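In what follows, a single structure is set out as structure tokens and then discussed.
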Amino acid sequence: MKKDFISIKDLTTAEIEDIFSLTDKLKRDKPKFNKALSGKTLVLVFQKPSNRTRVSFEVGMYQLGGNCLYLAPDEINLGVRESIKDVARTLSRYVDGIVLRTFEHKNVFQMAKYCSKPVINGLSDFGHPCQALADVYTIKEKLKRLKGLTLAYVGDGNNVCNSLLYVSAKCAMNMNVASPKGYEPDRTVIKEAKAIAKARQASVNLFNNPFEAVRGADVIYTDVWVSMGQEKEAGLRKKIFKGFQVNKSLVKLAGKNCLIMHCLPAHRGEEITDEVIDGRNSIVFDQAENRMHVQKAILIKLLAKQK
Ligand code: CP
Ligand code: NVA
């Protein structure tokens, strides 16, 4: 049976730990894996722009001895030139896996339903699971543990925030989310993450005041106020999110060792200031690098044994 990677919700804590331990091995002993996916081809079907996701998957496949193809938004024109169903069935005949970056989350399910090969969510309006897994792996690498740590997410309750809620709960971390009223994370995700966290003696707490959310945090995380596809709302969003900037006075409340994270791309001067993102506690480029290592582990898990 093929396995997809659509949401972190679908992974058990043991599976997450397993991916992290394979990632450690991949980072320690890169040459050992240089034929792990030899003869395999991955295709990236992207409806939105990308730097990190595209390059980390392409280079990752190359380092594992496989091939990677990139289909840009205009090329395949998903759902317009051809239905997702037909794209999925066609690509199943050529490739060993698909990474889909799309607007609507339901497109990922649709692709997975009609594709006989593993489908990976490379970002949808609901989640960014590859990002959140790499983020928590990075926290573990830096702080040597996860259980009991507090991650404070400041800003839009968006795709990245939803995925972070699932993964931090599954890893027994506490998560505080500070967002303006009406821009909280998905309601179902909050409910489910709260239950998962509670079972692991951790918690999910929502705030409308960023200063309350970052007190005692081990990590402060933020993301853009205007995600891809929301460009028309930019003016309004910039006004609403004004008080949610990760700047020196906010970070000061969390303590001097608090790590600073951002999935990137960053809009410097909006959700985060230059001095914070370039400061000594910022680990944003380690996060970006770990996207590749963690995704290599995911690719091995999903693709290696497929016929
Ligand atoms: N963080 C992230 O997914 O970056 P890209 O949009 O550049 O791929
Ligand atoms: N929330 C952002 C993340 C980009 C990696 C977006 O969806 O545009």
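Please treat every number below as a calculation from the coordinates, not as lab data. As the structure is a computational prediction, the values presented were derived from the model and not from experiment. Every residue, glycine among them, receives a Cβ derived from its backbone with ideal geometry; neighbour counts consider all protein chains shown.
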Number of the condition not met by Ile220 [criteria: (1) crowded, with 22+ Cβ neighbours inside 10 Å; (2) part of a helix (DSSP H, G or I)] | (2)
Would you pick out the residues in the range 45-59 that are within 7 Å of ligand 1 (Cβ to nearest atom) and touching a residue at least 24 places away in the same chain (Cβ under 8 Å)?
-> Pro49, Ser50, Asn51, Arg52, Thr53
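Table: residues versus (1) within 29 Å of Leu22 (Cα to Cα); (2) surrounded by 21 or more Cβ atoms within 10 Å (Cβ to Cβ); (3) touching a residue at least 24 places away in the same chain (Cβ under 8 Å).
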position	(1), (2), (3)
Val87	no, yes, yes
Lys113	yes, no, yes
Leu143	yes, no, yes
Leu151	yes, yes, yes
Is there any pair linking a residue in the range 261-277 that is over 15 Å from Val160 (Cβ atoms) to one that is of a type in the set (Phe, Trp, Tyr) and within 15 Å of ligand 2 (Cβ to nearest atom), with Cβ under 7 Å and at least six apart or on different chains, and which?
-> Glu270/Trp225
Could you please give the count of residues in the range 216-248 that are more than 16 Å from ligand 2 (Cβ to nearest atom), touching a helix residue (DSSP H, G or I) at 6+ places or on another chain (Cβ under 9 Å) and of a type in the set (D, E, K, R)?
-> 2
When residues of the range 202-217 are filtered for being out of contact with any Asp or Glu (no Cβ under 7 Å at 6 or more places or on another chain) and surrounded by fewer than 21 Cβ atoms within 10 Å (Cβ to Cβ), how many remain?
-> 9
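Confirm whether Glu270 is within 16 Å of ligand 2 (Cβ to nearest atom), of a type in the set (Asp, Glu) and part of a loop (DSSP other than H, G, I, E, B). Break it down stepwise before answering.
Working: within 16 Å of ligand 2 (Cβ to nearest atom): yes; of a type in the set (Asp, Glu): yes; part of a loop (DSSP other than H, G, I, E, B): yes.
Yes: the conditions hold for Glu270.
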Residue count for the range 56-75, restricted to those that are out of contact with any helix residue (DSSP H, G or I) (no Cβ under 8 Å at 6 or more places or on another chain) and in a helix (DSSP H, G or I) = 5
Does the range 160-181 contain at least one residue that is in contact (Cβ under 8 Å) with a residue 40 or more places away in the chain, under 30 Å from Gln306 (Cα atoms) and more than 16 Å from the chain's Cα centre (by Cα)?
-> no
Only one of (1) part of a loop (DSSP other than H, G, I, E, B); (2) within 22 Å of the chain's Cα centre (by Cα); (3) away from ligand 1 (no atom under 16 Å from the Cβ); (4) not basic (Lys, Arg) does not apply to Gly39, and that is (2)
Does Pro185 qualify as being touching a residue at least 24 places away in the same chain (Cβ under 8 Å), within 16 Å of ligand 2 (Cβ to nearest atom) and closer than 21 Å to His262 by Cβ?
-> yes
